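Report on the structure given below.
The values are calculated or read from the model by the stated rules, or taken from the named source; none is laboratory data. Computed from a predicted structure; not experimentally measured. In this analysis, Cβ positions are derived from the backbone assuming ideal geometry, glycine residues included, and neighbour counts consider all displayed protein chains. Note: areas computed on protein heavy atoms with side chains; ligands, DNA, RNA excluded. Shrake-Rupley method; radii C 1.70, N 1.55, O 1.52, S 1.80 Å.
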Amino acid sequence: MSASKKLFIKTYGCQMNVYDSERMAEALGGKGYVETRSPDDADMILLNTCHIREKAAEKVYSELGRYKDLKAEKPDLKIGVAGCVAQAEGEEIMRRQPLVDLVVGPQSYHRLPAMEDAVRGGAKALDTDFPEDDKFDTLKKRSKAKRGPTAFLTVQEGCDKFCAFCVVPYTRGSEVSRPADRVLREARELVEAGVKELTLLGQNVNAYHGHEQGLAGLIWELDRIDGLERIRFTTSHPNDMDDALIAAHGTCAKLMPYLHLPVQSGSDRILKAMNRKHTAESYIRLIEQIRAARPDLLLSGDFIVGFPGETEADFEDTMALVREVHYGQAYSFKYSTRPGTPAAEKPQLPDEVMNDRLQRLQALLREQQQASQASMVGREVKVLFEKQGREAGQLIGKSEYLHAVYADAPVELLGQVRSVRVVANSPNSLKGELYV
Ligand code: 5AD
Ligand code: SF4
């Protein structure tokens with residue numbers, strides 16, 4: 001085989017992109033590429049992009065600009081744009097940035113090896129189709145090489161919900177679920193390679209229908225895989241939390257007590273304008289049901305402030321919902337206009353108003369996160385150790401609630417779940433002591 005070529009992938013956005021980047025690297029591995037951590041010695045640079053908010057796409061363009069000198073020095077360097085910006089603006093990228101040789105959308109990256117041939121031959125290649133063939137079937141089996149203890153596994157893609165602010169239904173297409181047998185095969189391979197914890201991914205993961213009993217059915221099948229110790233899933237929509245999935249939080253020991261369940265706003269008027277198809281009240285009742293099944297569940301959410309038409313009273317409804325629900329962790333964003341979405345047509349709020357609301361919401365969410373972390377001190381958690389810490393003799397891992405926990409522990413415990421007593425809380429992690 002010819003000497004290996006080097007591939008640098010930079011990943012933006014959500015965990016689904018992290019998974020996709022890994023699969024793209026595997027696909028190009030078949031063409032002799034190995035990954036490098038630096039763009040400077042790469043033969044191909046791929047930016048796996050995110051289109052969810054304005055700044056995300058701008059970052060991509062400025063990153064591309066930075067490769068100008070590199071490309072001048074190395075004419076054989078090929079530069080590609082993948083992911084959701086590629087899907088949404090592929091042709092414009094090609095026009096606006098002549099450095100780009102290749103544009104590939106999220107549903108077409110199994111065609112990367114053929115596209116690589118084309119660009120090596122001096123052509124430009126663009127593929128933003130939603131092909132009939134399943135990319136996961138066409139991709140090579142995942143590498144058998146030993147892996148770290150945690151892995152992502154995409155089980156569902158796309159979205160049919162059409163929230164009025166969101167580009168995902170346009171960039172990722174409509175909801176598609178991978179058949180359960182294929183998911184289970186990939187899960188077994190990952191477990192054989194050393195994975196102990198799987199996070200099932202999907203834009204609407206709980207709308208999964210690749211198993212006749214939905215996501216809960218898939219989770220129960222995964223539960224039977226020996227060696228797999230933990231199951232998580234993200235991201236969910238409130239309207240797809242069915243009874244079986246709620247019940248699984250109480251009865252499936254491998255399913256971790258953490259749920260990311262975005263609500264976006266606490267105002268019914270805004271929820272309606274957002275086309276969310278649920279109310280603040282129905283969301284709160286749903287959380288009560290899930291907490292009845294699993295009282296110690298740590299809840300996470302997403303919020304948008306400054307959606308067009310949001311009044312101070314609407315924003316106060318969001319604050320009231322947050323106070324009522326109490327989140328262990330959350331993400332909050334200023335509304336960002338996305339071309340082509342229904343909300344883009346509406347008058348926008350002034351930036352100062354959005355900034356002010358974001359600050360107030362984030363202060364409340366931070367307070368709740370700190371209270372939730374502080375309540376862990378003195379408690380026993382189970383930590384899956386993932387890597388060595390900065391200080392000698394220290395390991396870092398995740399609790400069942402997804403807190404980062406560090407503790408003095410022998411390196412042999414990497415990849416194992418151990419009981420740890422939480423002894424201190426710092427802003428982004430917990431300190432623990434191993435039970436001996
Ligand atoms: N503006 C701001 N935030 C957005 N999100 C999605 N689209 C937008 C937008 N146009 C947020 C939502 C979603 C998360 C992934 O990103 O909160 O849940
Ligand atoms: Fe976007 Fe709404 Fe679909 Fe989530 S549910 S991906 S926010 S359209």
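Taking the condition of being touching a residue at least 60 places away in the same chain (Cβ under 8 Å), out of contact with any Phe, Trp or Tyr (no Cβ under 8 Å at 6 or more places or on another chain) and more than 15 Å from PRO410 (Cβ to Cβ), how many residues in region 369-385 meet it?
Within region 369-385, the subset touching a residue at least 60 places away in the same chain (Cβ under 8 Å) is 372, 384-385.
Checking the rest, the ones that are also out of contact with any Phe, Trp or Tyr (no Cβ under 8 Å at 6 or more places or on another chain) come to 384-385.
Those still in the list that are more than 15 Å from PRO410 (Cβ to Cβ) too: 384.
Number satisfying all stated conditions: 1.
Only one residue in LEU198, LEU184 is without any contact (Cβ under 8 Å) to a residue 60 or more places away in the chain and surrounded by fewer than 21 Cβ atoms within 10 Å (Cβ to Cβ). Which one?
LEU184
Within the group PRO75, PRO98, PRO106, which residue is closer than 21 Å to LEU28 by Cα and surrounded by fewer than 16 Cβ atoms within 10 Å (Cβ to Cβ)?
Numbers: PRO98 fails: closer than 21 Å to LEU28 by Cα; PRO106 fails: surrounded by fewer than 16 Cβ atoms within 10 Å (Cβ to Cβ).
Only one candidate qualifies: PRO75.
Give the residues of region 158-193 that are within 16 Å of ligand 1 (Cβ to nearest atom) and of a type outside the set (D, E, K, R), sorted by residue number.
GLY158, CYS159, PHE162, CYS163, ALA164, PHE165, CYS166, VAL167, VAL168, PRO169, TYR170, THR171
Of all residues in region 3-54, which are of a type in the set (D, E, K, R), at pLDDT below 95 and within 15 Å of VAL103 (Cα to Cα)?
ASP20
Taking region 250-279 as the region of interest, how many residues are open to solvent by 10 Å² or more (accessible area, probe 1.4 Å) and hydroxyl-bearing (Ser, Thr, Tyr)?
Selection size over region 250-279: 3.
Can you confirm whether region 281-303 contains a residue that is within 16 Å of ligand 2 (Cβ to nearest atom), out of contact with any strand residue (DSSP E or B) (no Cβ under 6 Å at 6 or more places or on another chain), open to solvent by less than 30 Å² (accessible area, probe 1.4 Å) and closer than 30 Å to GLU352 by Cβ?
Within region 281-303, one or more residues are within 16 Å of ligand 2 (Cβ to nearest atom), out of contact with any strand residue (DSSP E or B) (no Cβ under 6 Å at 6 or more places or on another chain), open to solvent by less than 30 Å² (accessible area, probe 1.4 Å) and closer than 30 Å to GLU352 by Cβ.
On the basis of being in contact with a strand residue (DSSP E or B) (Cβ under 6 Å, 6 or more places away or on another chain), more than 30 Å from SER399 (Cα to Cα) and surrounded by 14 or more Cβ atoms within 10 Å (Cβ to Cβ), does GLY306 make the cut?
Taking the combined requirement at face value, the residue satisfies it.
If we keep just the residues of region 328-360 that are in contact (Cβ under 8 Å) with a residue 60 or more places away in the chain and small (Gly, Ala, Ser), which is farthest from ASN425 (Cα to Cα)?
The qualifying residue farthest from ASN425 (Cα to Cα) is GLY340.
Answer yes or no as to whether SER399 is under 20 Å from GLU197 (Cβ atoms) and either in contact (Cβ under 8 Å) with a residue 40 or more places away in the chain or crowded, with 19+ Cβ neighbours inside 10 Å (or both). Before you say what the answer is, go through the steps one by one.
Numbers: under 20 Å from GLU197 (Cβ atoms): yes; either in contact (Cβ under 8 Å) with a residue 40 or more places away in the chain or crowded, with 19+ Cβ neighbours inside 10 Å (or both): yes.
Spelling it out, SER399 is indeed under 20 Å from GLU197 (Cβ atoms) and either in contact (Cβ under 8 Å) with a residue 40 or more places away in the chain or crowded, with 19+ Cβ neighbours inside 10 Å (or both).
Filter region 325-352 down to the residues that are out of contact with any Leu (no Cβ under 6 Å at 6 or more places or on another chain), among the aromatic types (Phe, Trp, Tyr) and within 20 Å of GLU367 (Cβ to Cβ), then identify the one that is farthest from ligand 1 (Cβ to nearest atom).
Among those that are out of contact with any Leu (no Cβ under 6 Å at 6 or more places or on another chain), among the aromatic types (Phe, Trp, Tyr) and within 20 Å of GLU367 (Cβ to Cβ), it is TYR331.
When you look at PRO342, is it surrounded by 14 or more Cβ atoms within 10 Å (Cβ to Cβ) and more than 18 Å from VAL423 (Cα to Cα), yes or no?
Values: surrounded by 14 or more Cβ atoms within 10 Å (Cβ to Cβ): yes; more than 18 Å from VAL423 (Cα to Cα): yes.
Yes.
Determine whether region 215-235 contains at least one residue that is aromatic (Phe, Trp, Tyr) and under 16 Å from the mean Cα position of the chain (by Cα).
The answer is yes, given that some residue of region 215-235 is aromatic (Phe, Trp, Tyr) and under 16 Å from the mean Cα position of the chain (by Cα).
Can you report the number of residues in region 21-59 which are closer than 11 Å to PHE8 by Cα and either part of a loop (DSSP other than H, G, I, E, B) or open to solvent by 40 Å² or more (accessible area, probe 1.4 Å) (or both)?
Of the residues in region 21-59, 9 are closer than 11 Å to PHE8 by Cα and either part of a loop (DSSP other than H, G, I, E, B) or open to solvent by 40 Å² or more (accessible area, probe 1.4 Å) (or both).
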